Amino acid sequence: MVGTADGTAGTSPPVEVPADEIPEDVPGTSRTVETNGVRLHVVEAGPEDGKLLVLLHGFPEFWYGWHETIAPLANDGYRVVVPDQRGYNLSEKPPDVADYRIGALARDVVGLIDAYGRETAAVAGHDWGAAVGWWLAIHHADRVSEFVAVNVPHPTVFERALRTSWRQRRKSWYVLAFQLPRLPEAVARAGNWRIGVRALRETSDPGTFGEEDLRRYRRAWDRDGAFEAMVNWYRAIVRERPEPDTPRVTVPTLVVWGANDPFLEKRLAGESLEHCADGRLLTIDDATHWVIHEDPHRVARAISDHADPLPPGARE
């Protein structure tokens, strides 16, 4: 879809949506939504009266990280909404590190739910998107009907692992590297984003990310201010060191875990369920951290099995 992102929230100018932003095989359209003081670019698909399902991407991705799950989930009857989270790709990029605190990121999603005129939504998140989803499920439980976390643990579990496990600290070394000013952005841009491309390829199953995928990622990373904003998510979490109001999650929760994740210890998935009143674990043994790319249809089925795609009252 060709268009210009509209709206007046925030200070950055509108961003033109490329003609090929949405691949031809993805049944979606672009839209700009004003929420929580920022403009977010979203891709939406599925019946307008379907149950609202918000899919949240992680680092270093954008809405496209979920592109292979959109069609099956829309076909199941969901109104699928996939935002570029703040700072990413075509969404607005506030300038300060404090703009990327986890509470603000969660309120962005609450605002999306409001913008679609719904009281609640099912939410699925991968990587940083799962971190935002956990925060939502804890602090805005009344707005989340079901939650699916993909390859990021409960925040209390992760914080404890970073305090007590040298193995997890070694796996998370890049978080400290991202605290340096300007250097991560400069290094990442070198050689046409060589390090980012190599990281995606070397930490996923062979062939997971093709040349067309990598072209899209390079374009998203190269947008003015984007990579700095993406890294600011990591800077904000370290500076703020937020603690949830309670570790207890009352929202029905499914944890999906690619067992060969090189960034996170496998045990963190099971430990996350200890904080869930209604929690289940699906381990995908032959997948890595990038399971939504490696086995997107299985992930989509898991989401549909966990969150009934029909809105309340639709079965009567």
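What about Arg235, is it among the charged types (D, E, K, R) and surrounded by fewer than 18 Cβ atoms within 10 Å (Cβ to Cβ)? Give the derivation first.
Numbers: among the charged types (D, E, K, R): yes; surrounded by fewer than 18 Cβ atoms within 10 Å (Cβ to Cβ): no.
Answer is no for this residue.
Looking at (1) part of a loop (DSSP other than H, G, I, E, B); (2) within 30 Å of Pro18 (Cβ to Cβ), find the lone condition where Met230 falls short.
The one condition Met230 does not meet is (1).
Applying the selection to region 221-233, what residues are more than 11 Å from Gly87 (Cβ to Cβ) and under 18 Å from the mean Cα position of the chain (by Cα)? Outline the logic, then answer.
Our first condition is that a residue be more than 11 Å from Gly87 (Cβ to Cβ); within region 221-233, this holds for 221-222, 224.
Listed by number, the list holds a single entry, Trp221.
In region 291-312, what residues are open to solvent by 10 Å² or more (accessible area, probe 1.4 Å) and not in a helix (DSSP H, G or I)?
Listed by number, the residues that qualify are Asp295, Asp308, Pro309, Leu310, Pro311, Pro312.
For region 267-279, give me the residue count where each residue is among the charged types (D, E, K, R) and surrounded by 15 or more Cβ atoms within 10 Å (Cβ to Cβ).
Of the residues in that region, 1 qualify.
Could you tell me whether any residue of region 130-147 is open to solvent by 10 Å² or more (accessible area, probe 1.4 Å), basic (Lys, Arg) and under 19 Å from Glu48 (Cα atoms)?
Yes, there is a match, as at least one residue in region 130-147 is open to solvent by 10 Å² or more (accessible area, probe 1.4 Å), basic (Lys, Arg) and under 19 Å from Glu48 (Cα atoms).
Report the residue count in region 15-57 for those that are without any contact (Cβ under 8 Å) to a residue 24 or more places away in the chain and either of a type in the set (D, E, K, R) or under 22 Å from Pro94 (Cβ atoms) (or both).
Residues in region 15-57 being without any contact (Cβ under 8 Å) to a residue 24 or more places away in the chain and either of a type in the set (D, E, K, R) or under 22 Å from Pro94 (Cβ atoms) (or both): 4 in total.
Please go through region 61-94 and give me each residue that is among the acidic types (Asp, Glu) and either open to solvent by less than 10 Å² (accessible area, probe 1.4 Å) or out of contact with any Lys or Arg (no Cβ under 8 Å at 6 or more places or on another chain) (or both), ordered by number.
Kept after step one, since they are among the acidic types (Asp, Glu), are these residues of region 61-94: 61, 68, 76, 84, 92.
Of everything in region 61-94, those that are among the acidic types (Asp, Glu) and either open to solvent by less than 10 Å² (accessible area, probe 1.4 Å) or out of contact with any Lys or Arg (no Cβ under 8 Å at 6 or more places or on another chain) (or both) turn out to be Glu61, Glu68, Asp76, Asp84.
Within region 40-52, track down each residue that is surrounded by fewer than 23 Cβ atoms within 10 Å (Cβ to Cβ) and charged (D, E, K, R).
The answer is Glu44, Glu48, Asp49.
For region 164-201, enumerate the residues that are on the phi > 0 side of the Ramachandran plot and not in a helix (DSSP H, G or I).
Residues of region 164-201 that are on the phi > 0 side of the Ramachandran plot, as a first pass: 182, 191-193.
Listed by number, the list holds a single entry, Arg182.
What's the total number of residues in region 102-127 that are assigned to a helix (DSSP H, G or I) and touching a Leu at 6+ places or on another chain (Cβ under 8 Å)?
Of region 102-127, the ones assigned to a helix (DSSP H, G or I) are 102-115.
Next cut, touching a Leu at 6+ places or on another chain (Cβ under 8 Å) only: 106, 108-110, 112-113.
Final tally of qualifying residues: 6.
Ala74 - would you say it is out of contact with any helix residue (DSSP H, G or I) (no Cβ under 9 Å at 6 or more places or on another chain) and at pLDDT below 95? Explain how you work it out, then say what you get.
Details: out of contact with any helix residue (DSSP H, G or I) (no Cβ under 9 Å at 6 or more places or on another chain): yes; at pLDDT below 95: no.
Criteria not met by Ala74.
Given the condition farther than 30 Å from Glu21 by Cβ, part of a helix (DSSP H, G or I), open to solvent by less than 60 Å² (accessible area, probe 1.4 Å) and touching a His at 6+ places or on another chain (Cβ under 8 Å), answer yes or no: does some residue in region 149-162 qualify?
yes
The values are calculated or read from the model by the stated rules, or taken from the named source; none is laboratory data. Bear in mind the structure is a predicted one, so any value in this text is a computation, not a measurement. Because the Cβ atoms are built from the backbone with ideal geometry, glycine has one as well, and the counts that use them run over all protein chains shown. Keep in mind that these areas ignore ligands, DNA and RNA; they rest on the heavy atoms of the full protein, side chains included. Shrake-Rupley method; radii C 1.70, N 1.55, O 1.52, S 1.80 Å.
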